[in-house]
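Engineer: Following this message is one structure expressed as structure tokens.
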Amino acid sequence: MDSSDPKRRCVRHDELSLSNNIASANSPLTDMDIMVKTKQIMENVKIKIQAIKNVDHPMTELKSYIVDAISKMDLIDKDNKRKVTIGIFGKSGNGKSSLLNAVLGEEDLLPPGCSGACTAVVTQVEANLDDSNYKADIELFSKEEWGKELQDLFNVLSDKSEDRDDEMFETAKDKITALYGADADKKTLEELKSDEKFAEISYFLSDPHKTISKSESSDFANEIACYIQYSVTSPGGWYWPLVKSVTIKVPNCNELLEHIALIDLPGTGDCNTNRDDMWKSKLSKCFSVWIVSDINRAITDKDPWGILKHCIQDLGPGGECKSINFICTKTDDINPGAYMRSTRQEQISGSNKDPTAVCILHRNISTKELVKTKFESLNPGTKKLMEKFSTDVFTVSSKAFFKQNSNLDHTETEIPRLQEVLKSINKSINQELTRNYVNDAKGVLSLIQFFSPKTNQVDTKVLEDLKNNLTEALKEIDCLFNKCHESLDKCLSEGVANSVKLSAATAQKELINPDNIDNRGFHQTLKALCQNRGYYWSKNWAMILDLNDCLATHMHESLNEEFNDIFSVNTKTEKSLQVHLDRVSIIQRDITSCRSTVTHHIQNFIITRENKLKASLSRKVMDKKKEMYASISTVIQEKMSAGYKRAAKAKGEGTLKKMQEILTDTIKSLKDDMFNDAKTEFLDLFKTLKLYIKDAFDTELKKSMKPFHYKTGKTTLLDVSIEIEQLERLAEQLSN
């Protein structure tokens with residue numbers, strides 16, 4: 001379209017008007033404004049590109065390439081779709097549901113927690129970005145999965161011995177009676193199968209995915225309750241034993257949860273393999289963790305500190321967690337007189353507030369200091385891993401947050417402070433997405449401008465230099481990975497030596513035959529551990545038994561420091577793999593190669609392609625990091641599987657001793673090969689990551705160079721200099 005064309009002049013007038021609007025805006029644009037304006041600019045450009053008449057074959061390919069590039073900008077990458085997850089720990093009764101309701105500003109949305117095995121249900125809360133309804137996506141067990149679990153539950157109930165595992169027995173009873181009704185646990189499995197309730201449940205499981213959608217929160221809360229709540233006084237019809245996970249989507253909370261998922265990650269306590277695997281998978285994806293405890297038991301309760309002890313490796317070197325926040329709930333639950341007596345003060349002064357509020361705030365400050373001191377007194381291994389996280393303590397009152405005439409000011413409930421944490425995370429993600437989108441758009445416009453009538457013929461040496469630089473970049477990546485491989489190999493070799501020497505004794509002392517264990521019922525716990533491939537998590541966080549992780553202890557200890565430096569999450573060190581990958585580029589910025597406008601457009605486009613590639617590879621590196629770290633325990637589990645099966649079959653007098661001997665003998669017989677195999681698998685995964693990254697760099701950057709070979713004397717496109725100026729102004733506002 002010629003610039004003298006009246007229609008063209010009209011279009012350019014509109015573009016100039018948009019440019020002036022951007023430049024003369026009185027108030028700064030929001031991220032959303034910038035994103036919308038950028039999309040508008042790129043959509044207009046795409047329409048103009050499509051309208052250009054084909055002249056030659058290179059032009060046809062070039063148009064197709066550019067239109068495809070612009071279209072893909074509107075498709076959010078899988079990495080960007082992936083929500084930031086915040087894991088929330090805490091046993092029933094500590095106020096997790098009330099906390100979530102307060103943060104969401106929905107007083108009665110989530111029902112209060114319940115006792116029993118339903119604490120195994122993973123509940124995820126996120127924003128409904130589609131409509132204004134309250135929605136729940138529920139994933140159930142399949143008929144086959146539930147049939148196997150039901151058989152296991154009845155096997156537990158059939159144990160009438162005096163030393164049975166009472167916790168497992170009560171869990172099995174809770175599940176069966178909650179689902180099938182009172183006294184269902186007293187029937188045999190055959191008798192239960194003949195009951196009409198059994199047929200009803202079987203039909204219910206014919207579709208393992210359920211969806212609930214309601215316009216009113218009260219209606220939604222009533223319907224969702226049977227999937228996540230339990231009442232011992234009204235057994236039957238509670239479906240939570242069938243539930244793997246529930247995803248609740250709340251409307252009108254984009255500012256809080258647009259890019260965040262809050263995940264209730266309770267202890268399992270039922271030795272169900274499916275739930276345990278899901279639990280561990282969710283745990284490793286946590287960006288942050290909130291540990292919830294009643295303020296009256298924040299220091300003495302074993303649960304929160306048990307979480308740190310048993311999950312710290314899955315959050316740190318085995319995960320991607322950046323922060324751990326300790327949240328003390330029910331701060332308004334206080335007796336002022338009793339509190340002042342307990343603190344040996346006749347009166348807490350320094351405020352004109354009423355005595356109750358003064359005591360609440362005084363206890364809040366004291367508790368925060370005690371929790372921070374408790375962090376400092378953790379065992380050395382846990383404390384060292386904790387240093388990698390940012391930590392904070394919150395003292396909240398969900399009840400006072402909703403109460404009109406509360407003793408506490410709105411901000412003193414600290415719910416607004418937690419909301420600000422979520423808003424800040426959301427805002428930073430929006431800024432990053434917008435910045436990436438604008439930069440991507442600038443790159444595409446540079447590619448188009450390279451083919452505008454104003455540009456000169458490309459210097460072929462520039463393209464030749466890029467090809468040579470890519471070869472050097474691949475060598476640089478190879479050298480980088482080889483250096484990391486050498487360091488990891490050394491740490492793993494040390495870990496193998498220590499494991500061969502110490503693993504049997506460590507496992508015997510800490511798990512197989514630990515001190516201070518009540519042998520009554522322990523043989524059932526150990527049997528459950530063997531039946532469940534080496535791990536058993538009770539409802540009590542102080543009893544999380546994982547023989548695979550226990551056997552991996554010495555390898556992890558030798559590996560952790562170097563591994564954390566190479567795959568750092570919070571602090572980027574000079575050993576950080578991602579830091580070095582971010583520096584790799586085929587654009588040599590330190591030379592005067594940008595001697596022409598043409599070269600500038602080439603470099604600008606290549607840089608945006610590189611940055612997009614690196615962002616994608618960053619997620620790949622993180623996922624492979626977690627796979628590598630977990631592989632040590634996974635290999636151990638596979639090698640130990642035959643021993644677990646033999647131990648699980650032990651019966652008769654002295655069952656506990658038989659199992660202990662089988663497990664100890666298995667470890668001793670396997671240790672010389674098992675830990676070396678774990679090391680080999682770990683390093684093989686690292687090599688796979690290297691090959692993947694090298695291939696991605698080679699393939700994607702060659703693709704990014706290909707369009708410039710279309711440049712001929714006849715191949716021209718639009719002049720998008722005005723659009724580039726518009727995006728420069730938008731990018732400047734974003735950075736400000």
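The values are calculated or read from the model by the stated rules, or taken from the named source; none is laboratory data. None of these values were measured; they are calculated from a predicted model. Virtual Cβ from ideal backbone geometry, glycine too; neighbours counted across all protein chains shown. Keep in mind that these areas ignore ligands, DNA and RNA; they rest on the heavy atoms of the full protein, side chains included. Shrake-Rupley method; radii C 1.70, N 1.55, O 1.52, S 1.80 Å.
Engineer: Considering each residue of the range 305-340, count those that are among the basic types (K, R) and either in contact with a helix residue (DSSP H, G or I) (Cβ under 7 Å, 6 or more places away or on another chain) or modelled with pLDDT under 85 (or both), and give that number.
Structural biologist: The total comes to 2.
Engineer: Also, quick follow-up: Are there helices (runs of 4 or more DSSP H) fully within the range 29-110 with at least 1 residues that are open to solvent by 30 Å² or more (accessible area, probe 1.4 Å) and without any contact (Cβ under 8 Å) to a residue 24 or more places away in the chain? List them.
Structural biologist: 31-51, 57-73, 78-81
Engineer: Test of understanding: among E476, E494, which residue is charged (D, E, K, R), at pLDDT 95 or above, surrounded by 14 or more Cβ atoms within 10 Å (Cβ to Cβ) and in contact with a helix residue (DSSP H, G or I) (Cβ under 6 Å, 6 or more places away or on another chain)?
Structural biologist: It is E494.
Engineer: Of the residues E196, E190, E258, E200, only one is open to solvent by 30 Å² or more (accessible area, probe 1.4 Å) and in contact (Cβ under 8 Å) with a residue 24 or more places away in the chain; which?
Structural biologist: When all the criteria are applied, what remains is E258.
Engineer: Exactly one of these conditions fails for W146: (1) farther than 30 Å from K651 by Cβ; (2) modelled with pLDDT of 90 or more. Give me its number.
Structural biologist: (1)
Engineer: Still on this structure: If we keep just the residues of the range 479-491 that are of a type in the set (A, V, I, L, M, F, W, C) and out of contact with any His (no Cβ under 6 Å at 6 or more places or on another chain), which is surrounded by the most Cβ atoms within 10 Å (Cβ to Cβ)?
Structural biologist: Going through the qualifying residues, I end up with C484.
Engineer: If T688 meets every condition in (1) buried (at least 20 other Cβ atoms within 10 Å of the Cβ); (2) in contact (Cβ under 8 Å) with a residue 60 or more places away in the chain apart from one, which number is that one?
Structural biologist: Checking T688 against (1) buried (at least 20 other Cβ atoms within 10 Å of the Cβ); (2) in contact (Cβ under 8 Å) with a residue 60 or more places away in the chain, the one that fails is (1).
Engineer: Of the residues K210, K148, K214, which single one is surrounded by fewer than 19 Cβ atoms within 10 Å (Cβ to Cβ), closer than 22 Å to S234 by Cβ and under 31 Å from the mean Cα position of the chain (by Cα)?
Structural biologist: Every option except K210 fails the conditions.
Engineer: What about L718, is it in contact (Cβ under 8 Å) with a residue 12 or more places away in the chain and either in a helix (DSSP H, G or I) or within 30 Å of I636 (Cβ to Cβ) (or both)?
Structural biologist: Answer is no for this residue.
Engineer: Please tell me if A400 is part of a helix (DSSP H, G or I) and more than 30 Å from L701 (Cβ to Cβ).
Structural biologist: Considered against the rule, which asks whether it is part of a helix (DSSP H, G or I) and more than 30 Å from L701 (Cβ to Cβ), A400 comes out as yes.
Engineer: Can you name the residue in the range 203-218 that is in contact (Cβ under 8 Å) with a residue 24 or more places away in the chain and in a helix (DSSP H, G or I) and, of all such residues, is nearest to A178 (Cα to Cα)?
Structural biologist: Among residues in the range 203-218 that are in contact (Cβ under 8 Å) with a residue 24 or more places away in the chain and in a helix (DSSP H, G or I), the one nearest to A178 (Cα to Cα) is F204.
Engineer: Quick one: is K694 closer than 30 Å to G643 by Cα, basic (K, R) and under 35 Å from the mean Cα position of the chain (by Cα)?
Structural biologist: When the stated conditions are applied, K694 does not pass them.
Engineer: Now for a separate question. What are the residues in the range 505-519 that are at pLDDT 90 or above and of a type in the set (D, E, K, R), if any?
Structural biologist: If the condition is that a residue be at pLDDT 90 or above and of a type in the set (D, E, K, R), then K509 is the only one that fits.
Engineer: Of the residues in the range 595-611, how many are within 15 Å of R583 (Cα to Cα) and either free of Cβ contacts under 8 Å to residues at least 24 places away in the same chain or open to solvent by 70 Å² or more (accessible area, probe 1.4 Å) (or both)?
Structural biologist: The number of residues fulfilling the criteria is 1.
Engineer: So, one more: Output the residue which, of all residues in the range 637-663 that are farther than 15 Å from A507 by Cα and of a type in the set (D, E), is surrounded by the most Cβ atoms within 10 Å (Cβ to Cβ).
Structural biologist: E638
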